[in-house]
Amino acid sequence: MTLTGDESTTINPLTLMESAREKYTLARARREIPELALLSIHGAIEDTLRAHLLRINSPAALGAFSGVLAAMQALDRQPLSAEEVDAVQRLHRLRGRIARGEHLAVTGETLAAYQRLATMILPRYGVQALPVTEPDRPRSRPTQPIRLQTALPNDEPVHVRLRDRHAAYDEARRVRALGDQAFDAEVRKPLVPGWVAPTLIIVSIFIIGLAMALSLQNPTAPVPPPSVPIANPSLASTASLSDMPTVAATAGPEATVVGEPPATVEPSPAADTLAVGRIAVVSDGIPALNLRAQPGLSPDIPVLLVLEPGTQVEILSGPVERDGWVWWQVRSAGIEGWCAGAYLQVRP
């Protein structure tokens, strides 16, 4: 504070001392807001020092604050010590940062230290200042670390909390300028992620292909399966490979396809002819022969047993024509069922 002109004529030591008392009292009332309390403490110390220089008619009383501190340190009686001058200068720097709009997180220990500094300086130059008692000491903010109290304050407990308000204002203005664009981009954001549509297309193609494959495996008009030759030439009729589930996997390259078997088989009175009560064996010319619960090739008829070549069976009844084949009811291993007679040979 530099006083010049008409303003300096209205300032006198008593006015400044009264102002110092009021500011110090205000600082005690503002202890819950440390930044404002620091401003009041600085004002109280500055008014006290200028009032003392006015009383001794020092020309530095109305000059720059740095000159005030230099003059107070150079006094013959009751001068400020170098340590006190350094502390007041730090307080002056903090006051300037707060005045420029910086937001400072001032700890309670820092504020208490500057209050103790004021109680040391103000009474020395005629301004009454109550000492800092435990109830009047400001409480530390919970987010700040606890620090040991020192006789004089220092800058360590003070940390910059936010950027300068001008930089914050510029940042806020830039954000507001981009606000509409950011809002439009958020509104135009698709409700469904971009990967969903391609995934649905791939899944649909897979399902369609699977359905076509299943339809090809189950045609509406069944095609009669090929047959394999038998060892006994007297058995002119042949059985379907579908009657033997393992033929397709085991038939050799010499297997040939023959025509459809005749619908009927004329009975022969020969000794090797199939007849009820005779014992027959499965032909060696086939890998295996299915023993079905009923005569016929319908897929609904279950297969009771798979007979290997050379298996002995007892003929129980027959013959029965169905699905272009001649079927005989036989018994093997205690299980009764129907099999194609074209693959049975009468045991000699």
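Miscellaneous remarks
- Here THR110 sits with roughly 0 square angstrom of accessible surface, probe radius 1.4 Å.
- Here the accessible area of the stretch 268-348 is 51 percent carbon and sulfur, with a 1.4 angstrom probe and all protein chains present.
- In this label model, ARG278 and THR199 are separated by 6.8 nm, measuring between points 7 Å along each Cα→Cβ vector.
- Residues with amide H under 5 Å from that of GLY318, placed H, sequence gap 5 or more: GLN329
- Taking amide hydrogens as placed 1.01 Å from N in the peptide plane, the amide H of VAL326 sits under 5 Å from those of GLY341, ALA342, each at least 5 positions away in sequence or on another chain.
The values are calculated or read from the model by the stated rules, or taken from the named source; none is laboratory data. Only a predicted model underlies this, so the values are computations on that prediction, with no experimental measurement involved. A quick note on method: Cβ atoms are made from the backbone with ideal geometry, for glycine too, and the neighbour counts reach across all protein chains shown. Ligands, DNA and RNA are excluded from the accessible area calculation, which covers all protein heavy atoms including side chains. Shrake-Rupley method; radii C 1.70, N 1.55, O 1.52, S 1.80 Å.
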